[in-house]
Amino acid sequence: MNEIKKLSFFIFAIFLFCYFFYLLDSNEILEIKHDGLKSFVYFGIIIFSFFSILFSFFCYEEIKLKVLFSILPIIAFLQILSFGIINTFLSASSWKTQTLIYQNKFDSSKKVEFQMLDIGFAGYEKRTVEVNYITDWFFISSPYTEEIFNSDSDWKKVNKEVNELELKD
């Protein structure tokens, strides 16, 4: 029975990992750029919240432990149900850079990009945002304001076609 408790704790730890990144990404605090990680987080939040609830009720005898290890997965599962399971699956794709518009002269991780999101049968969602890449897998975005970028600013105009969605003209 001790191995099952270890497995239950391991599943709960994976759930916490997925839920942490799910909250950051869904609230656009820290967005996930890597498709594999984002898919794991969004699919994992559904799967591991369910199994975390299931294992907590079967592995622990005390009511306190059952509640402790099941309250957060229940909240996450209710959030997913209120948002919709299909919407959660469709949100598992990441924004792709189509055009790099501006680049910061002093910090190469800061850019203004035109991005597109493939939302399946409904086409593409589009946005122009100022991004700050933390790593190749994570970035922070903020709304792009139509500031005047002149020669005295910290930004240089690039207009580089990136086409991460590999769309044909």
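The values are calculated or read from the model by the stated rules, or taken from the named source; none is laboratory data. Quick caveat, the model's predicted, so the values are computed rather than measured. Cβ: placed from backbone, ideal geometry, glycine included. Neighbour counts: every protein chain shown. What goes into the accessible areas is simple: the full protein's heavy atoms, side chains included, and nothing from ligands, DNA or RNA. Shrake-Rupley method; radii C 1.70, N 1.55, O 1.52, S 1.80 Å.
Observations, loosely collected:
- Within region 90-109, considering residues that are open to solvent by 40 Å² or more (accessible area, probe 1.4 Å), out of contact with any Asp or Glu (no Cβ under 7 Å at 6 or more places or on another chain) and not hydroxyl-bearing (Ser, Thr, Tyr), the one farthest from Trp155 (Cα to Cα): Leu90
- In the set Leu7, Leu78, only one residue is at pLDDT below 90 and open to solvent by 20 Å² or more (accessible area, probe 1.4 Å); that residue is Leu7.
- Count of residues meeting criterion [within 21 Å of Arg127 (Cβ to Cβ), out of contact with any strand residue (DSSP E or B) (no Cβ under 7 Å at 6 or more places or on another chain) and open to solvent by less than 40 Å² (accessible area, probe 1.4 Å)] in region 10-34: 2
- Cβ-Cβ distances below 8 Å connect no pair with a first residue in region 92-120 that is on the phi > 0 side of the Ramachandran plot, a second residue that is part of a loop (DSSP other than H, G, I, E, B), and a separation of six or more residues or different chains.
- Some residue of region 47-57 being surrounded by fewer than 18 Cβ atoms within 10 Å (Cβ to Cβ) and at pLDDT 90 or above: yes
- The criterion of at least 1 residues that are within 15 Å of the chain's Cα centre (by Cα) is met by the following helices (runs of 4 or more DSSP H) wholly inside region 63-122: 71-83, 85-90.
- Residue ID - farthest from Asn87 (Cα to Cα), chosen from residues in region 6-40 that are in contact with a helix residue (DSSP H, G or I) (Cβ under 6 Å, 6 or more places away or on another chain) and outside any helix (DSSP H, G or I): Leu30
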